[in-house]
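Student: Before we start, here is the structure in question, set down as structure tokens.
Quick note: the coordinates plus some simple rules give every number you see, no bench work behind them. Just so it is clear, the model here is predicted, and its values are computed rather than measured. Every residue, glycine among them, receives a Cβ derived from its backbone with ideal geometry; neighbour counts consider all protein chains shown.
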Amino acid sequence: MTRSTLDMFMELKGIDPNFVDAWGKPAVVSEQHIKNLINKMGYDADDEKALQLHYKEQEKQHWLSLLPPVIVAQQSESYTIDVCLPIDFVTDALIYQISTEDKKQIKQTITATDFPLVAVTVISEVEFQCYQVELKATLPQGYHQLELFEKGNDEPLATTALIITPSACFTPSDMEQGKKIWGTSVQLYGIKSEDNWGIGDFSDLKSLLKNTAAHGGDFIGLNPIHALSPALPNNASPYSPSSRKWLNILYSDLTNIAEFKNDKTVQQHVNNQEFKDRLTALRETQWVDYQGVTSIKLEVLRLLFTVLNSGAVKSKKRLTTFNQYVKNKGASLLQQASYDALQFKFVKEDESAWGWPAWPEAFQSYQSATTQYWIETNKQEVLFWCYCQWVAELQLEEADKLAKSLGMTLGIYRDLAVGVSKGSSEIWANHDLYCEQISVGAPPDILGPLGQSWGLPPISPDQMFQNAYQPFIELLQANMSHCGALRIDHVMALLRLWWVPDNATAEAGAYIYYPVQDLLNLLALESQRNQCLVIGEDLGTVPEGIDVLLEEAGVYSYNVFFFEQADDGGFISPAHYKNQAMATLSTHDMPTIKGYWHCDDLYLGKELGLYPDQEVLDKLIENRVYCKQQILNSVHGHNNLPAEYNRDATQTGMDQTLNFGLQTHLAQGNSALLSLQLEDFLEMEKPVNVPGTCDEYRNWQRKLSQNIEQLFSNKEIKTLLGKLTEARQNASDK
């Protein structure tokens, strides 16, 4: 095969073999790995003629479409678009008609040859020419349609989605004026309280919002609250969801649902001693018992759904509202509900039927005739799962309204995972959109020396473009609802993703590029529409220039204190962090403050086999000891520890003085946002997640060490929260 054919195909698919690794060294993906990746994309990498034919077909389709499937542009006085026309049309005056989102129409008659010619080709002996046509129009931001007509012909020659966006994402006005705020981040499932059913819920979230606001905080940051798989409750990773558009139904507080409040029979069921004993057992575990929680919640949810359909006077209005919700949410809700229903059915029949790839072939897609027939003949079962989503969304909405009523600057900030699991409802309903034999991940880096493959099939950039970015838009709309901020996990995904073929290890992947400017523009549009601030998790390998793009787009950066080191190894003063950022000490993928200081994560990594050899571990420990000393020097240097406090890191364990001193130190910084973890208030040791592990560690199960009622009554913690508020106010005044 000639290099030109492979190179052209790689360019067509956005595959880049060249990158700079986490250590700043140039790296090149081997041709063998590239070919393996292409094979898993569904093409024969060794068939030169087939690759050439696909390339030519794509080029042909580009020209024959006349207009692209979608045009995304920042709001301006005029817009330049590429129009591909057969030569017989280039001198004709054509009508360009824009139908705006608010039902207005704007028409212009333009001749293509009045504008620059940028390309020419011949298809089936017909010459096509591409012109950069300028449309002058005052257009509102939003989702419009552009159609191209011949005069006297009512049928358009071509149609495209025209999306006009702002230049940057939303920032609350008081933050624009310099206000610096703090909040807490929490794994919602891990909250312990006196009333929940063994897992944190949206009523616990309300309690957190009230207590945080009362102590001067302005937001609660959540783990992804995406829909998981109720039929497989132990598949609990919030970053490996079934759907990123729907919610984890286990977060509903069932005692706060109208059907529960209005029905004494269900109340008696929940208040009998046997049921209470089950709840007590679920509350008292150190780790979330997902199996037990799911069983008990579904048991009661089914009772509540029966109450809704009982015909009682109080239920009739609720049932009407629910039916309208189902209608409004449309196909997306039915897809999720149908998947949950079918997965529950198949797993009950056979435990190995873990997801659609393990189901009977006739059920392996939402669109199949067999699936549709089953849905039609099992309407009430599908509606039950719709009901589960409805009550969850209502409670999230209530929490959001509470945050706004408390005057919190952001209130709830949600987290958007980078993808969905292979056996997810999203892929089941949208097979054409995903590359199913590939997983996204990361090349080897400091956090993961072996590289990472996350088991999340990527969305095809081609298909996303052909669908006018609608899947991405719907994803943003779903996740920007009922919150004041959205954190985008692995925000580099807007630019590129590391694709790993299913038959390869993580280091044998390659980067695939996405249309970053279009995606950032769409992000800005939905951010402004939803009044939702955007935080981009930009850790790991960050290619040159993307930080500038993100900053210009109004996306807030993510500064983790333990990673913020200067070239000389010292830790950068938080006073020098950039303003457009959220600062934090640690994350869900890192050890707690106490765990970091005692190197618990490194010893745990050795125990779990995460390091290729002892030499790697020794170097990591040596570096950690050095970092600890530099941190101690920095915190002392800013007078955030008592003068008599030990200055030798090798003789200093992590205690409350150092822990709270670190948090206060970061609170004095320049970043507009400060997020601190509840487990660090409680001085906990165990991490919530160990990257690169699955069954080796109990990821996503660890609960907080105390009930939240105890946490906010703790005098020392209350004193810390007061210091955080004071430090943020002082930083705002500078």
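Student: Using Cα pairs closer than 8 Å and at least 6 residues apart in sequence, work out the relative contact order for the range 235-325, in percent. Display every interim value, and only then the final one.
Tutor: Numbers: 37 pairs, mean separation 26.0, N = 91.
Once divided by the residue count of the range 235-325, the mean separation gives 29 percent.
Student: How far is helix 715-733 tilted, in degrees, relative to the longest principal axis of the Cα atoms in the chain, given as a value from 0 to 90 rounded to the nearest 10?
Tutor: Roughly 50 degrees between the two axes.
Student: Go through [x] 28.0; [y] 32.7; [z] 27.0 and flag the label whose value is the computed Kirkwood radius over Cα pairs in Å for this structure.
Tutor: Given [x] 28.0; [y] 32.7; [z] 27.0, the calculated one carries the label [x].
Student: Could you tell me how many degrees, from 0 to 90 and to the nearest 10, lie between the Cα long axis of helix 379-405 and the main elongation axis, the longest principal axis, of the Cα atoms of the chain?
Tutor: For helix 379-405, the angle is close to 70 degrees.
Student: If you count the DSSP beta bridges with both ends in the chain, what percent of them are antiparallel, to the nearest 5?
Tutor: Values: 56 of 90 bridges.
Here the share of antiparallel DSSP bridges comes out near 60 percent.
Student: Within a 10 angstrom radius of the beta carbon, how do M582, M590 rank from fewest other beta carbons to most?
Tutor: Values: M582 28, M590 23.
Least crowded to most crowded, the residues run M590, M582.
Student: Ignoring everything except DSSP H segments at least 4 long, calculate the 222 nm mean residue ellipticity for the chain; use -39,500 (n - 2.57) per segment, divide by total residues, nearest 500.
Tutor: Details: 24 runs with 289 residues, N = 734.
When only DSSP H runs of four or more count, the value is -12000 deg cm²/dmol.
Student: Among the lysines, which fall within straight-line cross-link reach of K49, defined as a Cα-Cα distance under 21 Å, with same-chain neighbours fewer than 8 residues apart omitted?
Tutor: Straight-line reach from K49, under 21 Å: K13, K35, K40, K60.
Student: Angle, helix 470-479 long axis vs. longest principal axis of the chain, Cα atoms, 0 to 90°, nearest 10?
Tutor: 20 degrees
Student: Which of N328, T371, T113 sits farthest toward the positive end of the charge dipole of the chain, with +1 on the Cβ of Lys and Arg and -1 on the Cβ of Asp and Glu?
Tutor: Comparing the listed Cα positions along the dipole, N328 ranks first.
Student: R0 = 30 Å: FRET efficiency of Y645 with N579, Cβ-based, nearest 0.05? Could the numbers behind the result be given before it?
Tutor: Numbers: r = 30 Å, r/R0 = 1.00.
Step by step, r from the Cβ atoms, then E = 0.50.
Student: Same structure, new question: Taking the alpha-carbon distance from K348 and a cut-off under 13 Å, which aspartates and glutamates remain once sequence neighbours fewer than 8 residues away in the same chain are dropped?
Tutor: Result set, ordered by chain and number: D340.
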